[in-house]
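Below: the structure, in structure tokens.
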Amino acid sequence: MLSRLVSEAAAYQRRLREAEQQRDALLAERDTLRSRLDAAVRADVEAIAAQRLHDATDLWASVELAEHDGGFAPDKVGEAVTALVKAKPHLARPGPQFDLGNRRPAQQLEPASMHDVLRGSRRT
């Protein structure tokens, strides 16, 4: 009877060790997947922020964008970038700049009618 109880206890200990090993493997897999997801989310957020910031990583220093499920909402990224640029305009990426030199801006012309074209004149 005692030997049967000892062997039964040994079997339970084996099952416990196997279950712990499976648990550890699943936790390691979870951690790996979490880090891959975090890297992908970070890259997506920085891609959105890079459209309006010199350095997209500036966004991380000012706001927390993670949702409770680990993802992010693109509209929140846009709002956060807008707020950051408003608070710190020097972080904004400059818009396109054109060197016009001494040239004056072109006049806005109304479209010419066929009559004007035939007469050789244009309305301004």
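Observations on the structure shown:
- Any hit, region 34-52, residues being in a loop (DSSP other than H, G, I, E, B) and modelled with pLDDT under 75: no
- Qualifying residue in region 75-88 (condition: at pLDDT 80 or above and touching a strand residue (DSSP E or B) at 6+ places or on another chain (Cβ under 6 Å)): yes
- Positions within region 1-22 being in a helix (DSSP H, G or I) and either in contact (Cβ under 8 Å) with a residue 12 or more places away in the chain or of a type in the set (A, V, I, L, M) (or both), in sequence order: 2, 5, 6, 9, 10, 11, 16, 19
- Taking the numbered list (1) modelled with pLDDT under 80; (2) surrounded by fewer than 10 Cβ atoms within 10 Å (Cβ to Cβ) in turn, residue 4 passes all entries but (1).
- Verdict on residue 68 being out of contact with any strand residue (DSSP E or B) (no Cβ under 7 Å at 6 or more places or on another chain) and either at pLDDT 65 or above or not in a loop (DSSP other than H, G, I, E, B) (or both): no
- Residue tally, condition within 8 Å of the chain's Cα centre (by Cα), surrounded by 12 or more Cβ atoms within 10 Å (Cβ to Cβ) and not charged (D, E, K, R), over region 32-46: 2
- Residue match in region 93-112 (condition: surrounded by fewer than 10 Cβ atoms within 10 Å (Cβ to Cβ) and either modelled with pLDDT of 80 or more or of a type in the set (Lys, Arg) (or both)): yes
The values are calculated or read from the model by the stated rules, or taken from the named source; none is laboratory data. Values in this document were obtained by computation on a predicted structure and should not be read as measured data. All Cβ positions, glycine included, derive from the backbone under ideal geometry; neighbour counts span all protein chains shown.
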